[in-house]
Amino acid sequence: MYSFEVLFAANSQEEVGAFLHRPLGNLGFGYFFYLPLIVSADTSQFFESDEIVVPPEHLGAKRIVNAYPDSWVLRYQEAGHVAVDPIVKSATSGNLPIHWDVVERQTGAHRVPDEAREHGLLSGITIPISSFDGNRALFSAASDTVPDKSRRHAEMLSNQVLLTAIYLHEALLKLDAPPADAATPKLTPREKVCLQWAGLGKTSWEILQILSIAERTVVFHIGNATRKLRATNHRQAVVRAVRRRIISI
């Protein structure tokens, strides 16, 4: 188990990306890709640019963290795949982790995943990330091997990649934040302790057993903390609380 809190001490986007290789590699993912996604009524794209193709070495300037094969990044842009990619389509219409093999079974043969395999990306998971202000991003972890088909293994991978995506997103936000960060939200002691237990993987039922309070009270405190931290869910709230040193896990 890795402490993703060290990401908040990173001084550059390169340091953030470098850290991720080991924990993701231990999960079987040799490739990953993070990008802010621009979504409008008629288009989805990586970034605002007048160039048709941006070289992989210049993607960092777009706040894109790239650990994909350069050949695939170039091909993806040249072919305009983002407009027809079934993974991107799924990610922009929902918030749940997306297993590539599941989407392929639902959509059938498609040139984007077919070409991805030609570049070594045989399987993967994509995480849609939603910010309180409405901005969206995607994080994908990919492998050059066929995934384990067991449901339990798939759920474990989803949870780990989801956690990685949220920490990565928050670490990049921290790099973009002005020196005087926004005022730290004031959480009550009960909100802090409930959020901390949630960050340690406890369910609301387990937290009520630990604290001897009603389950609706646990849900109430976690909901309040999530709202105060301007997070879209309790996982993001936990990460933001850790980043602001409100709690530690």
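Here are some notes:
- Within the stretch 77-112, the set of residues being in a helix (DSSP H, G or I) and open to solvent by less than 20 Å² (accessible area, probe 1.4 Å) comprises 81, 86, 88, 91, 103, 112.
- Taking the stretch 212-227 as the range and being among the β-branched types (Val, Ile, Thr) and either more than 26 Å from the chain's Cα centre (by Cα) or under 9 Å from residue 191 (Cβ atoms) (or both) as the test, the residues that pass are 213, 217, 222.
- Single unsatisfied condition, residue 133 versus (1) open to solvent by 50 Å² or more (accessible area, probe 1.4 Å); (2) modelled with pLDDT of 85 or more; (3) of a type outside the set (Val, Ile, Thr): (2)
- Every condition in (1) in a helix (DSSP H, G or I); (2) small (Gly, Ala, Ser); (3) under 16 Å from the mean Cα position of the chain (by Cα) is met by residue 124 except one, and the failing one is (1).
- In the stretch 83-106, the residues that are among the β-branched types (Val, Ile, Thr) and modelled with pLDDT of 85 or more: 84, 87, 88, 98, 102, 103
- Test for residue 158: is it assigned to a helix (DSSP H, G or I), among the small types (Gly, Ala, Ser) and surrounded by fewer than 17 Cβ atoms within 10 Å (Cβ to Cβ): yes
- Neighbours by Cβ (under 7 Å, 6+ apart or cross-chain): first from the stretch 145-159, closer than 11 Å to residue 125 by Cβ; second among the small types (Gly, Ala, Ser): 147/123
- Of the residues making up the stretch 219-246, those that are open to solvent by less than 20 Å² (accessible area, probe 1.4 Å), of a type in the set (Val, Ile, Thr) and in contact (Cβ under 8 Å) with a residue 60 or more places away in the chain are 239, 242.
- When we screen 60, 124 for residues that are in contact (Cβ under 8 Å) with a residue 40 or more places away in the chain, among the small types (Gly, Ala, Ser), touching a strand residue (DSSP E or B) at 6+ places or on another chain (Cβ under 7 Å) and open to solvent by less than 50 Å² (accessible area, probe 1.4 Å), the only hit is 124.
- For the stretch 59-101, the tally of residues that are in contact with a Ser or Thr (Cβ under 8 Å, 6 or more places away or on another chain), of a type in the set (A, V, I, L, M, F, W, C) and under 24 Å from residue 145 (Cα atoms) stands at 6.
- Residue within the stretch 223-233 that is of a type in the set (D, E, K, R) and either closer than 20 Å to residue 163 by Cβ or touching a Gly at 6+ places or on another chain (Cβ under 6 Å) (or both) present: yes
The values are calculated or read from the model by the stated rules, or taken from the named source; none is laboratory data. This is a predicted model, so every value here is computed, not measured. Neighbour counts run over all protein chains shown; Cβ positions are idealised from the backbone, glycine included. Only protein heavy atoms, including side chains, enter the accessible area calculation; ligands, DNA and RNA are left aside. Shrake-Rupley method; radii C 1.70, N 1.55, O 1.52, S 1.80 Å.
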